[in-house]
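Only one structure is covered here, and it is reproduced in the block below.
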Amino acid sequence: MNCQICGGVASLAFTKNNYRILECKSCNHYFTELRVTPEKVHEIYNDSYFYGGGDGYSDYTLEGEMLVKRGEYYARKIRKCISSGKVLDVGAAAGFILRGFENMGWHGTGIEPNAKMVEYGKSKLGIDLRMGTLEKVHPESEFDLIVMIQVIAHLFDLNISMKNASDSLKPGGYILIETWNRSSLTAKLFGRKWHEYSPPSTLNFFNKKTLDILMNKYNFQKIKSGWPQKKILSNHGKSLLRHKIGSIRLLRKISPLVSLIPDNVLLPYPAEDLFWTLYQKKI
């Protein structure tokens, strides 16, 4: 299986969850050796991903207020470049982040593969959500901004996705991407135990260089980037901790301490292994 970014030959880096993680010998991109069909996407992001704990969420909807503020945070971050217009949120889940953008003056549409999340967002929040994936959208060159917050690592076809994203933007439009940084200190310290190595839900493991290579390939230029301020709901954090502690022998003794963390509390998240970048489509 060749690299989707540069087409280079890849070899085995390590195995995780019985999946092979490959390293491209040309551009150093890491990715999961897995050919995903649209049907498989619905299987991976079924209801248990949003409500079952583990690598997913114990209850995604409990994070609604925090995620709305996250959308507002990013709308403020980019407003010196673009402050309003039509925004497409890819992998929108229930639409909380999209609601944050709408609160800041944007007109939003979201796409999401999980039917339950789409129904929740439409019925509870009144968000314009459509079921599907970026690989299957029908571009209309109508959006001023596309948002992908912790989504690009999950895309099963990077090339179709980025072509559709480009075709969905007006000339000079923007893409905002937040993703995990495989070259971060945290990722290097944990190695193959790094939490983001979680196939089959995560398929691509970027760093700043490989993301730039992909975006330049589709005629995007970097405008600005940074490290996000992030919080995590304690319920979600506890679920992730229990899941990861079980796979790291040296940490198993502290597992009982996780229960001492109260529920429904916002905790600061050390976001050293995250980064965000705003790209603009070249005219």
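The values are calculated or read from the model by the stated rules, or taken from the named source; none is laboratory data. None of these values were measured; they are calculated from a predicted model. Here the Cβ positions follow ideal geometry from the backbone for every residue, glycine too, while neighbour counts run over all protein chains shown.
Within the stretch 11-53, being in a strand (DSSP E or B) and within 19 Å of Ile160 (Cβ to Cβ) holds for Cys24, Phe31, Thr32. Hey, could you check the stretch 40-98 for residues that are of a type in the set (Asp, Glu) and in contact with a helix residue (DSSP H, G or I) (Cβ under 9 Å, 6 or more places away or on another chain) and say which is nearest to Thr109 (Cα to Cα)? Checked the stretch 40-98; the qualifying residue nearest to Thr109 (Cα to Cα) is Asp89.
Yes/no per residue for (1) within 17 Å of Ile152 (Cα to Cα); (2) at pLDDT 85 or above; (3) of a type in the set (Phe, Trp, Tyr):
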{"site": "Glu33", "(1), (2), (3)": "yes, yes, no"}
{"site": "Pro38", "(1), (2), (3)": "yes, no, no"}
{"site": "His42", "(1), (2), (3)": "yes, no, no"}
{"site": "Gly52", "(1), (2), (3)": "no, no, no"}
{"site": "Asp55", "(1), (2), (3)": "yes, no, no"}
{"site": "Tyr60", "(1), (2), (3)": "no, yes, yes"}
{"site": "Arg70", "(1), (2), (3)": "no, yes, no"}
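Among the residues of the stretch 96-140, those that are over 18 Å from the mean Cα position of the chain (by Cα), assigned to a loop (DSSP other than H, G, I, E, B) and not aromatic (Phe, Trp, Tyr) comprise Met104, Gly105, Gly126, Ile127, Asp128, His138, Pro139, Glu140. For the stretch 190-211, the condition of being assigned to a strand (DSSP E or B), under 30 Å from Arg20 (Cα atoms) and at pLDDT 95 or above holds for at least one residue.
Scanning the stretch 107-162 for residues that are among the hydroxyl-bearing types (Ser, Thr, Tyr), at pLDDT below 95 and surrounded by 16 or more Cβ atoms within 10 Å (Cβ to Cβ) returns a single hit, Thr133. Of the numbered criteria (1) more than 17 Å from the chain's Cα centre (by Cα); (2) surrounded by 17 or more Cβ atoms within 10 Å (Cβ to Cβ); (3) of a type outside the set (Ser, Thr, Tyr); (4) within 22 Å of Lys122 (Cα to Cα), the one Glu43 fails is (2).
The requirement of being within 20 Å of Leu134 (Cβ to Cβ), part of a strand (DSSP E or B) and either modelled with pLDDT under 65 or in contact with a strand residue (DSSP E or B) (Cβ under 8 Å, 6 or more places away or on another chain) (or both) is not satisfied by Leu267.
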